[in-house]
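Engineer: Let me begin by handing over the structure; questions about it come next.
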Amino acid sequence: MSFFGSKKVPPPPPVVPPPVPRSGPEIDATTVISLLAVLALLGGAYGASIKVLPKTTVLKTRVLFIWHLFDALIHFVFEGSFLYNCFFVTYSLPTSFSAASRNHPHITLFTPPDVYWLGRQDLLYGANYGTGPFSRLWQEYAKADKRWGGTDLTVVALEILTVFVAGPLACWICYLLTTDEKKGALRKWFWMIVLATGEIYGGESQHFHYHVPVDTEHVQIVEAIIIGEARCGPGPRIVETKQHCVVASMWLTRGSPLH
């Protein structure tokens with residue numbers, strides 16, 4: 001306070017709302033560029049096969065080389081960009097943020113209560129809060145599964161394994177395929193089977209992890225639906241009656257969708 005009176009306190013800066021992820025299917029620049037990028041990676045894998053493999057290489061070996069190099073590039077470029085969003089794309093929460101904001105239309109917390117990604121209580125991480133091309137790509141992907149727009153612990157853990165284990169392993173398989181086809185055939189097939197099994201396990205594990213309420217009355221039906229979802233495609237169903245157990249069992253055996 002001065003001699004002539006109190007000074008005016010400047011108003012606090014306005015709270016900037018988080019970027020609003022786009023909703024609804026649409027074919028825009030993000031979709032077109034993403035598809036072109038996939039084709040570019042496939043073309044790069046094919047070009048590498050022409051450059052690296054001998055002209056006498058049989059078609060089977062060439063196809064396996066292209067597929068595994070394409071797989072590695074997808075892991076490094078696209079899924080690597082997902083991890084970049086999880087670790088480096090942030091949104092600063094307002095100081096007024098509280099647990100009640102868990103129901104905010106544009107703020108989704110993917111961690112359990114009192115668990116904070118990277119130990120930061122004041123920041124949200126993930127593609128939902130970015131505006132770059134790779135953030136837009138994963139916002140588009142998150143329309144089918146919202147976990148890909150944030151930092152779901154299961155998804156992030158599996159993607160770390162995918163980028164830093166499956167990607168290098170695919171490159172190692174490509175190297176083995178460039179060697180003499182008659183030597184080390186068993187080792188080549190062994191590692192290809194290991195990688196393929198890891199890809200299947202990773203995909204199913206990501207679709208398994210849904211927060212479905214479970215109690216003693218509904219344990220059997222929830223378990224059946226989760227197993228069936230991995231076989232028939234994504235789309236969790238919340239079932240409230242025991243009578244649906246029979247329908248879920250038929251879904252598992254016949255592969256028909258559960259409505």
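The values are calculated or read from the model by the stated rules, or taken from the named source; none is laboratory data. Computed from a prediction, not measured in an experiment: that's the story for all the values here. Heads up, the Cβs are rebuilt from the backbone with ideal geometry, glycines too, and the neighbour counts pull from every protein chain shown.
Engineer: Of the residues that sit in region 176-199 and are within 15 Å of residue 61 (Cα to Cα) and among the polar types (S, T, N, Q), which one is modelled with the highest pLDDT?
Structural biologist: For region 176-199, the residue satisfying everything is 178.
Engineer: Of all residues being assigned to a loop (DSSP other than H, G, I, E, B) and free of Cβ contacts under 8 Å to residues at least 12 places away in the same chain in region 164-183, which is nearest to residue 84 (Cα to Cα)? Just the residue, please.
Structural biologist: 179
Engineer: From 88, 78, which residue is surrounded by 16 or more Cβ atoms within 10 Å (Cβ to Cβ) and either at pLDDT 95 or above or of a type outside the set (Gly, Ala, Ser) (or both)? Spell out how you get there, then give the answer.
Structural biologist: Details: 88 fails: surrounded by 16 or more Cβ atoms within 10 Å (Cβ to Cβ).
Residue meeting the stated conditions: 78.
Engineer: Right, next: Looking only at region 91-134, count how many residues are among the polar types (S, T, N, Q), farther than 13 Å from residue 151 by Cα, surrounded by 12 or more Cβ atoms within 10 Å (Cβ to Cβ) and at pLDDT 85 or above.
Structural biologist: Within region 91-134, the subset among the polar types (S, T, N, Q) is 92, 95-96, 98, 101, 103, 108, 111, 121, 128, 131.
Among the residues that remain, those that are also farther than 13 Å from residue 151 by Cα are: 92, 95-96, 98, 101, 103, 121, 131.
Next, from what is left, pick out any that are surrounded by 12 or more Cβ atoms within 10 Å (Cβ to Cβ): 92, 101.
Restricting the remaining residues to those that are at pLDDT 85 or above gives 92.
Residues flagged as among the polar types (S, T, N, Q), farther than 13 Å from residue 151 by Cα, surrounded by 12 or more Cβ atoms within 10 Å (Cβ to Cβ) and at pLDDT 85 or above within region 91-134 amount to 1.
Engineer: Hey, among 186, 161, 137, which residue is under 18 Å from residue 69 (Cα atoms) and in a helix (DSSP H, G or I)? Even if it seems obvious, please write down each step before you answer.
Structural biologist: Details: 186 fails: under 18 Å from residue 69 (Cα atoms); 137 fails: under 18 Å from residue 69 (Cα atoms).
None of the others qualify; the one that does is 161.
Engineer: Please give the number of the condition residue 113 fails out of (1) assigned to a loop (DSSP other than H, G, I, E, B); (2) within 30 Å of residue 52 (Cα to Cα).
Structural biologist: Every listed condition holds for residue 113 apart from (2).
Engineer: Does residue 206 qualify as being at pLDDT below 90, more than 24 Å from the chain's Cα centre (by Cα), more than 18 Å from residue 88 (Cβ to Cβ) and in a helix (DSSP H, G or I)? Give the steps one after another, and end with the answer.
Structural biologist: On the way: at pLDDT below 90: yes; more than 24 Å from the chain's Cα centre (by Cα): no; more than 18 Å from residue 88 (Cβ to Cβ): yes; in a helix (DSSP H, G or I): yes.
Judged against the criteria, residue 206 is not a match.
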